[in-house]
2 protein chains.
Amino acid sequence: MKNFNIAAGVSPMTHVIKQAGKIALLASMTCAISLPVMAAQHPNLVINQQDVTAMKQAITQPGSFQNAFNTTQSNVDKGLAQPIEVPVPKDAGGGYTHEKHKSNYQQMYDTGIIYQLTGDKKYAEYVKDMLLQYATLYPTLPLHPMRKSNNEGKLFWQGLNEAVWLVHTIQAYDFIYDALTPAERNTIETGAIIPAALFLSEQSPHTFNKVHNHGTWATAAVGMSGYVLDKPLWVERALYDLNLAKKGGFMRQLDELFSPDGYYNEGPYYQRYALMPFVTFAKAIEQNEPQRKIFQYREGILLKAITSTVELSYNKLFFPLNDAIKSKGIDTIELVNGVAIAYGLNGDPRLLDIAQQQHNILLTGDGLKVAQGLDNKLQQPFPFVSTLFRDGQQGDDGALVVMRQGKATDQAIVFKATAQGLGHGHFDKLTWQFYDAGNEIVSDYGAARFLNVEAKFGGRYLPENESWAKQTIAHNTLIVDEKSHFNGKLKAANKNNPTLHFYSAKQDLTIASASIDTAYDDVAFKRTLALVNIKQRDAVIGIDIMRVTANKPHQYDLPVHYQGQLIDTNFDRQASLTQLSALGTENGYQHLWLLATANLAKDKAANKLAKVTWLNDNGHFYTHSTLVNTNFNNATNEQMLFTQLGANDPDMNLRQQQSFIHRVNATNHTYVSVMEPHGEYNPSKEYTLEATSNIAGLIHHQQAELEAVQIRFTDGQQYLLAINHADNAVTQETQSVISVNGVQYPFSGRAELLDIKEFK
Amino acid sequence: MKNFNIAAGVSPMTHVIKQAGKIALLASMTCAISLPVMAAQHPNLVINQQDVTAMKQAITQPGSFQNAFNTTQSNVDKGLAQPIEVPVPKDAGGGYTHEKHKSNYQQMYDTGIIYQLTGDKKYAEYVKDMLLQYATLYPTLPLHPMRKSNNEGKLFWQGLNEAVWLVHTIQAYDFIYDALTPAERNTIETGAIIPAALFLSEQSPHTFNKVHNHGTWATAAVGMSGYVLDKPLWVERALYDLNLAKKGGFMRQLDELFSPDGYYNEGPYYQRYALMPFVTFAKAIEQNEPQRKIFQYREGILLKAITSTVELSYNKLFFPLNDAIKSKGIDTIELVNGVAIAYGLNGDPRLLDIAQQQHNILLTGDGLKVAQGLDNKLQQPFPFVSTLFRDGQQGDDGALVVMRQGKATDQAIVFKATAQGLGHGHFDKLTWQFYDAGNEIVSDYGAARFLNVEAKFGGRYLPENESWAKQTIAHNTLIVDEKSHFNGKLKAANKNNPTLHFYSAKQDLTIASASIDTAYDDVAFKRTLALVNIKQRDAVIGIDIMRVTANKPHQYDLPVHYQGQLIDTNFDRQASLTQLSALGTENGYQHLWLLATANLAKDKAANKLAKVTWLNDNGHFYTHSTLVNTNFNNATNEQMLFTQLGANDPDMNLRQQQSFIHRVNATNHTYVSVMEPHGEYNPSKEYTLEATSNIAGLIHHQQAELEAVQIRFTDGQQYLLAINHADNAVTQETQSVISVNGVQYPFSGRAELLDIKEFK
């Protein structure tokens, strides 16, 4: 049975596995039960012997794989020249012993793979020596002095780091296994690996069984150790929880942590992080037990999770949803691993497009395939197309809608109608972002954090992450009476999701609509967003309808956090010239300086369209045009407030972001806006094109379930975005007719953009 | 004599030229005198027949020249499909007729060169038809209805544009000359070219004779027309002014507009602009009359002007001195022409490094040489080394000192001790900038202008250019009593320059010192700046000593306009949390919001070193450490003010730049500071290195002409920057001895960095 990993088809394993629960208790006491099918050659986790053979051949040929090998070997050689140090654990994250143990596992991993590729014993010796030191140290360790109560470690302050250590260390051990004597193996296994694996499993049942990414790291570490040490029970436990009860474990994590569309409910920033143990362990399962068809599980959820992480990026950076540090993107090591493994499985040449931008060739079998694909120029453009990512285990906890035009830097709208996303979630129901020409245009603040910068609150999430970044006003969505959604209470937020009413994507028109009536006591709001490519005009615009209904009057604020320099507005602003005041006192408002105010109702010249134009660093102009439903009898009921972030920020922790806030006092109100990229500012070549907006007028029409936005351009061209909001199924064939100014306009499907002149 | 341009050596021309003055008056009346030596083949301006032969060959071969040809031909073909339009002039800059006449001359030029390269008559026809329309229109034109009084045009509102039109048009005419009948030539010359040339010369004597870049464009246009129309007198006038009196003209411009080091006194932004007519006309002179040795004139001043423009850039962008729009850089068309012509002359492979970054191959003989050089990978790195650029015609009006480390993105200091730079100059005597890792770290605001953006003050310089950008507080230099240098009066500023005391550049240490005592009535200040590479520490730091002396007490402000996010200070700041006020009421202070104040005298924990650390977008940390010469009896005499730009800015015209201002109330004061790049913030790879400064202490020593800054690092290492300020000549061999704490430290030359421990 030694070689079952390369035998296809059903094996007797399936029967054995079903029986495994019965022996669990015994196994946990002896740690010595070996199911005969589990024995494996070494290495056989992420990398197997065939991989090694192919890689050894590849490093003799010029190419990107050889380059990657040379770089790693050179780094490893530098490490070999340094004395090995395995210090007694003392420091928390960022401290010396913490960083040393982190670099140690990386070094063991890298040195181990170089041993496999060169066969030079000195590399195996080095790894062995370090492992022996761990084998001496580990049994002496109490819980870490700086431990965190909910997830304790021994080598590290957190069990999470301990699991990451073992995921790397077991692979390093697997690489040098054949170079060790049985006595050395015994010393290392009994001194370091077995105690670490038991600590992470039996001795940390809460984390091990938890359906959470900490649980994924722990089960990956223990399961992979099970393969190497020939302890199939460890693998079973990793897959099905400590008691094999399937209440936790890797399979349960695969069931629950991703939506059916591969969306991770904390958002792409944490999805990227969570991906690593998933794909690593899954690859090890695939190598050892291909009959489990792990990559086909749940309709290929792992591949979906990898590709959706790529899809949740714009111009290489992840959409900064929830607590997200904005500089993270597709070149992170987690996604380098994910893309390589996915490419190894499906050979999709579009993944090579991403791999090429990652500039990081892994020394694995899959890394070799990627390198060869790139060397042979097999890559094809990765399609960045409109996609619906349903949220929740069953896909019914709202959704993230990404509207785009095909390329990574084309116009894109991100419409966030997802569930809260737990503790890292923001109170930002139905917020949106707009991207164009490589940059954020209407943006999300992301997280307030300087990762690992000690002077900035120890590198942790800053206090301003709570007081600003999570608050509703920090996002581009509705704030009622200056209070955040769910009054900023996480428990209520976790319980209530928006409802996605429809999503429709066809050539040149993507549209979605969602609503929520639980974010505020008596206020419901429904947002419909569309990304429209008007080919005749060579224009791609965003259309935004935010309909708010309530039982009594409220103050409604709808901010646009814009990126760029304000160029112009078509209404007068009263700027604060010599004094600034904070806009409010709580819920994030205390962080905004009020720069200027405009009374939209008063300014009749605005002609019912309030326009704000700014210039982004990408050299393009952007105009946000919004309908002013002015009640001229009440001159103060509609304002535009211009703000800048930075008030109540004694440590200067916040970035200087600017926004304008459309404030309306009303019971019911519908905001109707168009986001329009236009023109170009090129001071280098000394030309400026189309610095002013081309939108001349907007009219909003509502007829029961049918809705339309009529858009008139400055040159007289007119279009009608007609929408069918019916709750029942609407297909592309469904025909509707909306009447505008006495003219009947038929349209099909959920929505259509009509050239009104065609009807004349 | 037809081919004298390829004959080497002395020709009889030199004699004829010397006689030319005698016939000037007659010539100006008849415009018909033709000296026999001036006849030439066509084309023979920037491009000659040999160039055409070589280019025709090159476009048959794959390569970057062929690519450039294909691109231009494709654009030209699009133009040919459009009707020709030569409208009656009506609009000012940016308006329709203005832009049309601009695109017409560019199109004639491009179409003409494509005719030369293809021989296809349709291209010549198109240029001819457009020229004939100009020949019909031009004689009917009065002065332009929107003309500017000091520099009138006919086709354009400014004579400057008219000259640029003729520089292009005469080249286009030269390209199709041989395809025209004598009658057609006569029509075009008498209708368009002769009247335009006479308008720019005889009829605009003030501009034509002016030693100014407007004069350069006019003389280039007329001189080049002289070569094509075989009117040597026009050439003489272009070179030596209308009366051949040498009071104006191109040669005089070459004498006066550049310093002996090739520095243009308005700064690199305008130097780049001025370069175009200089190099274009010079190239035409070289082709037609090589015996003039125009490129050798004044020790090769034209080549110096080209290379110095390149040298006055950082990471591809020009240093933003005086009125400068920051996005201009080495890829501007003016420098593409300059670099190509320079490479054509000297074949310096280091120029190809710049050409490669310009991504713009010209369809000229020199453009072909560049293309071939790049295709053959001949480029060598352009050396960005420390350089002294003396200012003024004789090089004695102060200087710009650029300190750098060899590469375009290495650390650099720009020390501006130049003359004012006329109307575009800023009141910024002895200001400095610091650059590192590709970015501005301590920066200059540049100009307040959105070029050609109508909504921003018609695209002209904004009012804030006067009220902020030109004021002293907008720069990193001393402001006394909140008043700008010379009280912001241009006339006084133009008359008074700083004095450069010394400049010394050696391996790992560049240092310069300059002073000025005319910027304020009774206050003199002297600044000494050094860029030091401490190889043992792998650290490059800037050292800044600003010594201020006066007759009575004043308020001294020394700002640092920093680029990045504030990370930390080693002193307490009192931030304004809910209200902000403008820092002052005039001289630029009215534009600053006061964010926070720190009383440096009060905070004894500062230990006499005030440190401010920020994080730049380039991912590196920067700490500015400055000595606090605290008088503890007077707790308010030394403060640090933290400001942000944006007050009194009703149109939101200013960028949100931040600064800290070291304010001292004293009669005499010496600011001693160190600028230190350190560490790295890499949230993508999740590591942060050396986020805190390594400077532990500074001590300033002054002993008559000798001065020293003692620098102690946190690990105990100590260095002494010893400086000899003697007025007399100091060479590298000059020996000095400075005594510190009773120890004698000998050093040689102007300055030396001593490892103090070596002396123990």
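The values are calculated or read from the model by the stated rules, or taken from the named source; none is laboratory data. In this text, all values refer to a predicted model and were calculated from it rather than measured experimentally. Every residue, glycine among them, receives a Cβ derived from its backbone with ideal geometry; neighbour counts consider all protein chains shown.
Considering region A:30-51, the residues that are buried (at least 20 other Cβ atoms within 10 Å of the Cβ) and in a helix (DSSP H, G or I) include one that is modelled with the lowest pLDDT, namely A:Met38. Among the residues in region A:102-120, are any among the charged types (D, E, K, R) and in contact with a Lys or Arg (Cβ under 8 Å, 6 or more places away or on another chain)? Checking region A:102-120: not a single residue is among the charged types (D, E, K, R) and in contact with a Lys or Arg (Cβ under 8 Å, 6 or more places away or on another chain).
Being at pLDDT below 95 and not assigned by TED's automatic domain parsing to the domain that holds A:Asp230 is not true of A:Asp77.
Among residues of region B:640-663 being crowded, with 18+ Cβ neighbours inside 10 Å and over 29 Å from the mean Cα position of the chain (by Cα), the one that is nearest to the other protein chains (Cβ to nearest Cβ) is B:Asn648.
Listed by position, the helices (runs of 4 or more DSSP H) inside region B:161-217 whose residues that are under 16 Å from B:Tyr105 (Cβ atoms) number at least 1 are B:182-188, B:194-200. Taking the stated definitions as given, is B:Gln555 farther than 30 Å from B:Asp436 by Cα, away from chain A (no Cβ under 14 Å) and not hydrophobic (A, V, I, L, M, F, W, C)? Spelling it out, B:Gln555 is indeed farther than 30 Å from B:Asp436 by Cα, away from chain A (no Cβ under 14 Å) and not hydrophobic (A, V, I, L, M, F, W, C). In the set B:Lys416, B:Lys407, B:Lys326, only one residue is at pLDDT below 95, touching a strand residue (DSSP E or B) at 6+ places or on another chain (Cβ under 7 Å) and away from chain A (no Cβ under 14 Å); that residue is B:Lys407. I'm told B:Ala666 meets every condition in (1) within 14 Å of chain A (Cβ to nearest Cβ); (2) more than 30 Å from A:Gly94 (Cβ to Cβ); (3) modelled with pLDDT under 95 except one. Can you identify the failing condition by its number? Evaluating B:Ala666 over (1) within 14 Å of chain A (Cβ to nearest Cβ); (2) more than 30 Å from A:Gly94 (Cβ to Cβ); (3) modelled with pLDDT under 95 leaves (1) as the failure. Is it true that B:Thr190 is over 27 Å from B:Phe250 (Cβ atoms), hydroxyl-bearing (Ser, Thr, Tyr) and surrounded by fewer than 23 Cβ atoms within 10 Å (Cβ to Cβ)? No: the conditions fail for B:Thr190.
Within this structure, A:Tyr681 passes the test of being in contact with a Gly (Cβ under 6 Å, 6 or more places away or on another chain) and either touching a residue at least 24 places away in the same chain (Cβ under 8 Å) or surrounded by fewer than 22 Cβ atoms within 10 Å (Cβ to Cβ) (or both). Tell me, which residue of region A:322-378 that is among the basic types (Lys, Arg) and over 30 Å from A:Lys470 (Cβ atoms) is nearest to the chain's Cα centre (by Cα)? Per the criteria, the residue is A:Arg350.
Can you say whether A:Gly159 is touching a His at 6+ places or on another chain (Cβ under 6 Å) and closer than 20 Å to A:Ala92 by Cβ, as far as the supplied structure shows? So A:Gly159 does not fit the description; no. In region A:281-288, the condition of being under 17 Å from the mean Cα position of the chain (by Cα) and of a type in the set (S, T, N, Q) is met by no residue. With respect to (1) aromatic (Phe, Trp, Tyr); (2) closer than 18 Å to A:Gly584 by Cβ; (3) facing chain B (nearest Cβ under 8 Å), the lone exception for A:Tyr687 is condition (2). The condition (being away from chain B (no Cβ under 14 Å), over 33 Å from the mean Cα position of the chain (by Cα) and over 19 Å from A:Ala512 (Cβ atoms)) is satisfied by just one residue among A:Asn694, A:Asn682: A:Asn694.
Within region A:585-599, the set of residues being more than 8 Å from chain B (Cβ to nearest Cβ), in contact (Cβ under 8 Å) with a residue 12 or more places away in the chain and either surrounded by fewer than 21 Cβ atoms within 10 Å (Cβ to Cβ) or touching a Lys or Arg at 6+ places or on another chain (Cβ under 7 Å) (or both) comprises A:Glu586, A:Asn587, A:Leu594, A:Thr597, A:Ala598, A:Asn599.
Residue by residue, here is whether (1) farther than 25 Å from B:Thr207 by Cβ; (2) within 14 Å of chain A (Cβ to nearest Cβ); (3) among the hydrophobic types (A, V, I, L, M, F, W, C) holds:
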site	(1), (2), (3)
B:Arg252	no, no, no
B:Glu256	no, no, no
B:Leu275	no, no, yes
B:Val279	no, no, yes
B:Lys283	no, no, no
B:Leu303	yes, no, yes
B:Glu334	no, yes, no
B:Leu345	yes, no, yes
B:Ile354	yes, no, yes
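Annotation note: of A:Ala550, A:Ala582, A:Ala610, A:Ala575, the sole residue that is more than 12 Å from every other protein chain (Cβ to nearest Cβ) and either surrounded by fewer than 22 Cβ atoms within 10 Å (Cβ to Cβ) or hydroxyl-bearing (Ser, Thr, Tyr) (or both) is A:Ala550.
The set of residues in region B:451-470 that are buried (at least 24 other Cβ atoms within 10 Å of the Cβ) and aromatic (Phe, Trp, Tyr) contains only B:Trp468. The strands (runs of 3 or more DSSP E) found entirely in region B:612-706 that carry 3 or more residues being among the polar types (S, T, N, Q) are B:621-627, B:638-645, B:658-666. For region B:130-153, a residue qualifies if it is over 18 Å from B:Tyr173 (Cβ atoms) and in contact with a helix residue (DSSP H, G or I) (Cβ under 6 Å, 6 or more places away or on another chain), and the qualifying residues are B:Asn151, B:Glu152, B:Gly153. Of all residues in region A:711-737, those satisfying the criterion of being closer than 12 Å to A:Glu752 by Cα and buried (at least 17 other Cβ atoms within 10 Å of the Cβ) are A:Tyr719, A:Leu720, A:Leu721, A:Ala722, A:Ile723, A:Asn724, A:Ser736.
Taking the stated definitions as given, is B:His485 closer than 29 Å to B:Ala610 by Cβ, free of Cβ contacts under 8 Å to residues at least 60 places away in the same chain and in the same structural domain as B:Thr418 (by TED's automatic domain parsing)? In short, yes. Here A:Glu162 clears all of (1) farther than 21 Å from A:Glu334 by Cβ; (2) touching a Lys or Arg at 6+ places or on another chain (Cβ under 7 Å) except the condition numbered (1).
Per the conditions (1) surrounded by fewer than 22 Cβ atoms within 10 Å (Cβ to Cβ); (2) under 15 Å from the mean Cα position of the chain (by Cα), the sole criterion not satisfied by A:Glu256 is (2). Do the conditions hold for A:Leu566, that is, is it under 24 Å from B:Leu645 (Cβ atoms), buried (at least 20 other Cβ atoms within 10 Å of the Cβ) and facing chain B (nearest Cβ under 8 Å)? Spelling it out, A:Leu566 is indeed under 24 Å from B:Leu645 (Cβ atoms), buried (at least 20 other Cβ atoms within 10 Å of the Cβ) and facing chain B (nearest Cβ under 8 Å).
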